[in-house]
Amino acid sequence: MKQKRITPFQCNRLKRSEVGLNKAVVLVNRLNLFWGLKWEAVPAHLRPGTFISRSYSGDDLRAHIVVGCVDTRAARATIRDAVGKWSTVSYWLDLGNNADSGQFILGEPLNERNHRSKVRLRTAEELFPEIVDPNLDNDGEPSCSAAAALERQEPFINSTLAQHALALLAKLFRYGEISYHGGFINLASGATSVLRIDLRCWKHTRRGSRRSPQVHQSARRR
């Protein structure tokens, strides 16, 4: 999976002096300056066979929470593999969108740290298996970093999803628990809905049901 770098078309959100720099480094530096944090950005290629863990181990990468904002199903599948099996990542926050709608889902990957449990937060790929199927990728569509893509997307869909996803993480960090672990946004209709932390809701979501049961569980920060 390629490293993401800032393009000239993204200067409405980033400075022109940042064009060509690694996105992770720029954004983490901003967070550190604003919040007085000491987070570390690790610009690296995520290759098949690489696992992301809580501590360094050989060629593996290190992270407690993985945030995925990728353009293709193949790239999302690479992240899925990197946070599964022998990984010890705590959470995977996945964001994805099309022209005017999208979703953000915080999940606990089934790996060495997160074991099978009724209250384990299901990941995006568990609820929507099609989003990690590379066969469904359309190579003819431009990536979200191209000028053509900006013409076929509503201008605020990416930033709207990002704000909702950050608000969810902030709630988890500040209060130690959340009552939902994702949501769906549609700028065309103005509709928004949340993904409840509920086994029945997950089953309905997996089957494509539009019904959304009430909250029965809260997820607590580990």
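Numerical summary
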quantity: Restricting the stretch 77-105 to residues that are polar (S, T, N, Q) and more than 21 Å from N158 (Cα to Cα), the residue that is surrounded by the most Cβ atoms within 10 Å (Cβ to Cβ); calculated: S87
quantity: Subset of the stretch 185-222 [at pLDDT below 80, among the basic types (K, R) and under 21 Å from the mean Cα position of the chain (by Cα)]; calculated: R206, R220, R221, R222
quantity: Test: I105 is under 14 Å from the mean Cα position of the chain (by Cα) and more than 20 Å from P48 (Cα to Cα); calculated: yes
quantity: Considering residues of the stretch 137-174 that are surrounded by 12 or more Cβ atoms within 10 Å (Cβ to Cβ) and among the hydroxyl-bearing types (S, T, Y) only, the residue modelled with the highest pLDDT; calculated: T160
quantity: Output for the stretch 160-194, where each listed residue is assigned to a loop (DSSP other than H, G, I, E, B) and aliphatic (A, V, I, L, M); calculated: L187, A188
quantity: Where L31 falls short, out of the listed (1) among the hydrophobic types (A, V, I, L, M, F, W, C); (2) in contact with a Phe, Trp or Tyr (Cβ under 7 Å, 6 or more places away or on another chain); (3) outside any helix (DSSP H, G or I); calculated: (3)
quantity: Test: residue in the stretch 63-71 that is modelled with pLDDT under 80 and within 24 Å of F104 (Cα to Cα); calculated: no
quantity: Pair list, Cβ < 6 Å and 6+ apart or interchain, from the stretch 30-57 residues that are touching a residue at least 12 places away in the same chain (Cβ under 8 Å) and more than 21 Å from E108 (Cα to Cα) to residues that are part of a loop (DSSP other than H, G, I, E, B) and not charged (D, E, K, R); calculated: P43/Q3
quantity: Residue satisfying all of: in the stretch 85-142; of a type in the set (A, V, I, L, M) and in a strand (DSSP E or B); nearest to A162 (Cα to Cα) among these; calculated: L95
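The values are calculated or read from the model by the stated rules, or taken from the named source; none is laboratory data. Computed from a prediction, not measured in an experiment: that's the story for all the values here. Positions of Cβ are generated from backbone atoms using ideal geometry, with glycine treated the same way; all protein chains shown enter the neighbour counts.
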